[in-house]
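Readers should treat all values here as calculations from the given coordinates under stated rules, not as data from a laboratory. Quick caveat: nothing in here was measured; it's all calculated off a predicted structure. So basically every Cβ, Gly included, is an ideal-geometry build from the backbone, and we count neighbours across all protein chains shown.
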Amino acid sequence: MRKVYLDHAATTPLNEEVLNEMLPYLKEHFGNPSSIHSFGREARRAVEESRERVAAALGASAEEIIFTSGATEANNLAIRGIARAQQKKGNHIITSAVEHHAVYDTCAALQKEGFDVTFLPVDEYGMVSVDAVAAAITDKTILVTIMLANNEVGTIMPIAEIGQLCREHDIIFHTDAVQAIGNIPVNVKDLNVDLLSLTAHKFYGPKGVGALYLRKGTRLNVYHYGGAQERKLRPGTENVPGIVGLGKAIELAVKDLEAKTNRIKVLRDRLQEGLLAIEHTKLNGHPQQRLPGNLNVSILFVEGESLILSLDLKGIAVSSGSACTSGSLDPSHVLMAMGLDHQTAHGSLRFTLGVNNTEEEIDYVLEVLPDIVTRLRSMSPVYKGSNK
Amino acid sequence: MYTEQVMDHFTNPRNVGEIEKADGVGEVGNMKCGDIMRIYLKVNDNEVIEDIKFRTFGCAAAIATSSMITEMVKGKTITEAMKITNKQVAAELGGLPAPKMHCSNLAADALKKAIENYQGNNNQVNNKIEETGNNCNRDCNNCSY
Ligand SMILES: Cc1ncc(COP(=O)(O)O)c(C=O)c1O
């Protein structure tokens with residue numbers, strides 16, 4: 001059966017060049033980077049070269065990069081580490097209502113531990129406003145953490161402006177840039193961030209490896225104890241093949257960025273036009289300030305999981321903010337924060353395009369989806385029929 | 001994650017639709033939890049379910065359980081039908097993923113409501129709201145997958 005992968009925000013396939021760079025570190029170059037013999041030195045060299053690559057891609061310097069097991073760990077390390085390091089100064093943290101759980105739940109946990117956390121609301125497009133951040137700042141604010149681009153609806157936040165504001169108030173600023181890398185330019189200086197999280201598998205790198213950018217001079221409390229790796233901030237023997245893969249993947253991700261994403265955007269817009277031509281559909285996310293590969297639409301009167309499964313039977317892989325797919329019966333906190341009603345949220349479908357998608361694939365989706373929608377609507381007790 | 005039987009009933013649901021002048025109609029679920037099932041009954045003088053149809057908004061488990069129960073009770077008396085449990089429906093489908101057992105397995109409840117509606121001779125759809133607040137409060141906090 002034909003297979004069409006349109007779930008790149010969940011994860012991406014490993015790039016062949018990335019794999020080829022990783023393979024020697026799974027085989028002959030298996031040394032521990034902390035060993036001083038030739039095996040160790042070979043691994044150390046690879047780790048440090050990868051650090052240079054990550055730094056170069058972000059406009060940072062190598063000593064500002066800490067390798068982690070992914071963005072979840074980077075976010076935890078950043079938020080918990082700053083909260084603890086700054087707690088003498090204050091106890092107030094500002095974040096948004098649409099963060100990934102790796103940020104949202106970390107902030108919620110700190111709230112339970114006694115920190116004062118503001119979860120900023122968003123507008124109907126999932127956008128955080130700079131004014132709202134400004135209004136929330138108090139003399140107790142120690143950390144602001146707002147994502148660069150949302151993973152569900154693709155909305156791109158005004159991070160450079162929020163960063164500027166935080167600098168003016170001498171407040172540390174962290175951003176979860178997971179979805180942005182390889183999709184929009186990400187430069188830590190332009191964005192005025194002190195910390196930034198990323199994970200390799202969202203840009204054609206391997207799973208289980210990521211990094212935290214920590215601006216020089218920013219103090220972080222440790223919360224894992226062990227060896228002296230990653231300046232003791234992230235102890236434990238390095239995932240050498242993963243780190244090598246991350247370095248190569250990010251180098252490729254930022255190369256020819258504009259040409260790549262323009263191509264993806266053309267396909268995305270084609271899909272968007274076709275989908276919104278179906279009756280009773282609605283675009284979720286910002287119409288313009290949105291990741292080039294993201295298309296989140298609600299298909300009214302039907303439920304997301306049944307749409308996903310129906311598409312899956314046709315070989316098409318997408319995701320949804322519907323409850324059935326989230327593990328609880330409540331629909332996505334992102335869509336709810338945007339003010340969607342339950343039905344619209346339960347009927348959401350997320351298509352995220354990548355570099356390998358083709359026009360034929362998009363046309364195939366547009367060919368099969370209307371019949372699926374018609375079939376599911378014909379079963380729905382809330383569908384009152386076509387307007388046509 | 002779903003059995004072949006579930007996928008079969010999801011892709012080829014039996015008895016979808018409405019019955020005009022139904023003898024009993026029952027509805028359970030709500031939009032907050034993301035599933036609504038409505039069952040229509042035609043019952044003859046011998047209290048046998050002559051015809052049954054459903055409409056469901058929801059995930060594959062919700063659709064498959066609705067479809068399955070219509071097959072299970074067609075031709076049965078309402079006394080027999082009343083005895084069917086959500087668990088039995090799931091078992092007929094070869095089981096449901098653990099989180100769905102509690103979350104989306106409501107077809108027997110919908111059927112019971114339809115029968116009660118028939119017995120009360122009241123053709124209004126019973127639209128009881130089972131949830132309060134803005135969240136789905138159904139007990140399925142152990143859903144993890
Ligand atoms: C915005 C965002 N942050 C964090 C993560 C977590 O990344 P990982 O699972 O690789 O730790 C993801 C991935 O799902 C994400 O989309």
B:ILE36 fails exactly one of (1) among the β-branched types (Val, Ile, Thr); (2) surrounded by fewer than 18 Cβ atoms within 10 Å (Cβ to Cβ); (3) within 11 Å of chain A (Cβ to nearest Cβ), namely (2)
Restricting attention to the range A:305-317, does a residue exist that is more than 8 Å from chain B (Cβ to nearest Cβ), surrounded by 22 or more Cβ atoms within 10 Å (Cβ to Cβ) and in contact with an Asp or Glu (Cβ under 8 Å, 6 or more places away or on another chain)? no
Does any residue of the range A:209-221 turn out to be hydrophobic (A, V, I, L, M, F, W, C), within 22 Å of A:GLU258 (Cβ to Cβ) and either within 14 Å of chain B (Cβ to nearest Cβ) or within 11 Å of the ligand (Cβ to nearest atom) (or both)? no
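Would you point out which residue out of A:VAL355, A:VAL382, A:VAL334 is touching a residue at least 12 places away in the same chain (Cβ under 8 Å) and in contact with a Lys or Arg (Cβ under 7 Å, 6 or more places away or on another chain)?
A:VAL355
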Restricting to the range B:76-100, name every residue that is of a type in the set (Gly, Ala, Ser), part of a helix (DSSP H, G or I) and more than 14 Å from chain A (Cβ to nearest Cβ). B:ALA81, B:ALA90, B:ALA91
Note down all Cβ pairs under 6 Å where the first residue falls in the range A:169-180 and is under 21 Å from A:ALA253 (Cβ atoms) and free of Cβ contacts under 8 Å to residues at least 60 places away in the same chain, the second is assigned to a loop (DSSP other than H, G, I, E, B) and within 12 Å of the ligand (Cβ to nearest atom), and they're at least six residues apart or on different chains. A:THR175/A:LEU148; A:ALA177/A:LEU148
Just a yes or no: is a residue in the range B:60-75 within 13 Å of B:LYS113 (Cβ to Cβ), within 8 Å of another protein chain (Cβ to nearest Cβ) and crowded, with 20+ Cβ neighbours inside 10 Å? no
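For the condition under 19 Å from A:SER310 (Cα atoms), in contact with a Phe, Trp or Tyr (Cβ under 9 Å, 6 or more places away or on another chain) and not charged (D, E, K, R), what is the one hit in B:VAL16, B:VAL6, B:VAL25, B:VAL43? Explain how you work it out, then say what you get.
Values: B:VAL6 fails: in contact with a Phe, Trp or Tyr (Cβ under 9 Å, 6 or more places away or on another chain); B:VAL25 fails: under 19 Å from A:SER310 (Cα atoms); B:VAL43 fails: under 19 Å from A:SER310 (Cα atoms).
Matching residue, one of B:VAL16, B:VAL6, B:VAL25, B:VAL43: B:VAL16.
Confirm whether A:GLY285 is closer than 14 Å to A:ARG350 by Cβ, more than 14 Å from chain B (Cβ to nearest Cβ) and in contact with a Phe, Trp or Tyr (Cβ under 7 Å, 6 or more places away or on another chain).
Considered against the rule, which asks whether it is closer than 14 Å to A:ARG350 by Cβ, more than 14 Å from chain B (Cβ to nearest Cβ) and in contact with a Phe, Trp or Tyr (Cβ under 7 Å, 6 or more places away or on another chain), A:GLY285 comes out as yes.
In the range B:12-26, how many are under 20 Å from B:ALA60 (Cβ atoms) and more than 7 Å from chain A (Cβ to nearest Cβ)? Lay out the reasoning, then the answer.
Going through the range B:12-26, the residues under 20 Å from B:ALA60 (Cβ atoms) turn out to be B:12-17.
Okay, now just the ones that are also more than 7 Å from chain A (Cβ to nearest Cβ), so B:12, B:14-15, B:17.
Number satisfying all stated conditions: 4.
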Identify, please: which residue in the range A:374-388 is more than 9 Å from chain B (Cβ to nearest Cβ) and in contact with a His (Cβ under 9 Å, 6 or more places away or on another chain) and is, among those, farthest from B:PHE57 (Cα to Cα)? A:ASN387
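Being without any contact (Cβ under 8 Å) to a residue 40 or more places away in the chain and either more than 18 Å from the chain's Cα centre (by Cα) or within 14 Å of the ligand (Cβ to nearest atom) (or both), is that true of even one residue in the range A:136-154?
So the first thing to find is which residues in the range A:136-154 are without any contact (Cβ under 8 Å) to a residue 40 or more places away in the chain, and the list is none.
No, the range A:136-154 contains no residue that is without any contact (Cβ under 8 Å) to a residue 40 or more places away in the chain and either more than 18 Å from the chain's Cα centre (by Cα) or within 14 Å of the ligand (Cβ to nearest atom) (or both).
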